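Below is one structure, written out as structure tokens, with a few remarks after it.
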Amino acid sequence: MAGSNERIYRSLKGLEKTASTSRVLNLSALAVLNAGNPEHLASPLFKSPVLNGSVVLKHRLRADEADLFEGLTRTATKLIVPFDKSDLALGGRTVFVGERGWLPILQELRGGADDMIRDVEILEAIDQLPSLDPFLLREHLKRRGYEISPTHFDISPGDADKMQRFVGGEIARLIELAYGGAGSGGATTRLVEALLSSKTDERLEPLRLTLQLEGDSYREGIFSWKGFLYYKWVLNSLWPRLKEVLIEVMKLRVIGPRDRDLMVLIDEMKLRLRSAMEGQVKAVMGYLKTYDAVFLQLTEGNAAAFRDFLLASPEMFMALGEGAGTLSHVATFWRYRFPLGKPLMAPMGEILELLQDFESGLGAEPHPLSYAA
């Protein structure tokens, strides 16, 4: 495949060792890692074995791709079925979820219509999420009744413990308010576990009463709340890595053959990338500040303000997820390509591809100049 798809496959090639990021769910790598694992094979994500060897990607649409959809769409879910799942750089066949005529294409990719309805439902559910963060993906699918092996969701026990501790600190004041001080010690841990669980738990009844939510509104509100807490936790650990990237990107040097005009372009792209990252960080921090302000009202007794915020927050939640996912992708792939302590240098063509990929993901328009890798 050529052009922008070549850059995608080169990026995916570099992610084979990590299996997934907030922007990529690499089922191909997971299939290799879990070959012979009965749990992974017994509860797959898709019914189609072909799709279980695919790559799912949250992809910011380019101008020529936006025309594939009805209405305005900025980010889409892209399904890639590689020609060889052991080497993603060889490319593969693709389809966007929801593009015009995508179902016949999907049927051809998966090799038939058997059990296709469930696979379509899974893809549409994934498409509803702003990113492929494993915690949210797992919760989102469980709420819809899909029992899928946890081997598909790369959340280590250590990360789960860290998130629980973080959430416990975040909602300690609320627990005290809703439970009359009964949420200390082990009780707080159990309440946080209940909040982060995908199932409705009677231990949360005092919180439900505090928020004055019922039925679907309660379930949707709690899910949105978990999403905000999850992204706060992710971004809390992401800030130091982003600061490193902001510094290192300006130190990146070209090795090998170079062209004067392209060297000037690289310097311009570095500045644009740093500016775009800083703008995205500012936007994400703005969403979190809004959440913090409304949550503070809840701890001060204004449950209605927080309840109304949760029920009216899907658009902000999507924007927060997209922003956090993009920043996470930049930080993760940068550190993969340039490990700590290693020289910050690469061939000119690779640097151009890398910067253009990051710019595109952050919403910047790619430079029209073409180049040879």
Check: Just checking, how many residues over the stretch 209-219 are touching a residue at least 60 places away in the same chain (Cβ under 8 Å), crowded, with 16+ Cβ neighbours inside 10 Å and not β-branched (Val, Ile, Thr)?
Finding: 2
Margin query: Can you pull out every residue in the stretch 336-358 that is within 22 Å of residue 282 (Cα to Cα) and not hydrophobic (A, V, I, L, M, F, W, C)?
Written below: 356, 357
Item checked: Elements of type helices (runs of 4 or more DSSP H) contained in the stretch 243-343, each with 3 or more residues being open to solvent by 70 Å² or more (accessible area, probe 1.4 Å) and closer than 30 Å to residue 212 by Cβ -> 260-299
Item checked: Residue check, residue 6 at pLDDT below 75 and either in a loop (DSSP other than H, G, I, E, B) or under 21 Å from residue 119 (Cβ atoms) (or both) -> no
Checklist line | Residue satisfying condition, being modelled with pLDDT of 85 or more, crowded, with 19+ Cβ neighbours inside 10 Å and in contact with a Gly (Cβ under 9 Å, 6 or more places away or on another chain), within set 132, 137, 191 | finding: 132
Next item on the list: Would you check if residue 125 is surrounded by fewer than 19 Cβ atoms within 10 Å (Cβ to Cβ) and either in a strand (DSSP E or B) or under 16 Å from the mean Cα position of the chain (by Cα) (or both)?
Entry: yes
Next item on the list: May I ask you to say which residue of 46, 69, 83 is at pLDDT 90 or above and of a type outside the set (Val, Ile, Thr)?
Entry: 46
Note to self: Could you check the stretch 32-61 and list, in sequence order, the residues that are open to solvent by less than 40 Å² (accessible area, probe 1.4 Å) and either within 18 Å of residue 91 (Cβ to Cβ) or basic (Lys, Arg) (or both)?
What the structure shows: 51, 53, 54, 55, 56, 57, 58, 59
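The values are calculated or read from the model by the stated rules, or taken from the named source; none is laboratory data. Worth saying up front: this structure is predicted, and the values here are computed from it rather than measured. Positions of Cβ are generated from backbone atoms using ideal geometry, with glycine treated the same way; all protein chains shown enter the neighbour counts. Only protein heavy atoms, including side chains, enter the accessible area calculation; ligands, DNA and RNA are left aside. Shrake-Rupley method; radii C 1.70, N 1.55, O 1.52, S 1.80 Å.
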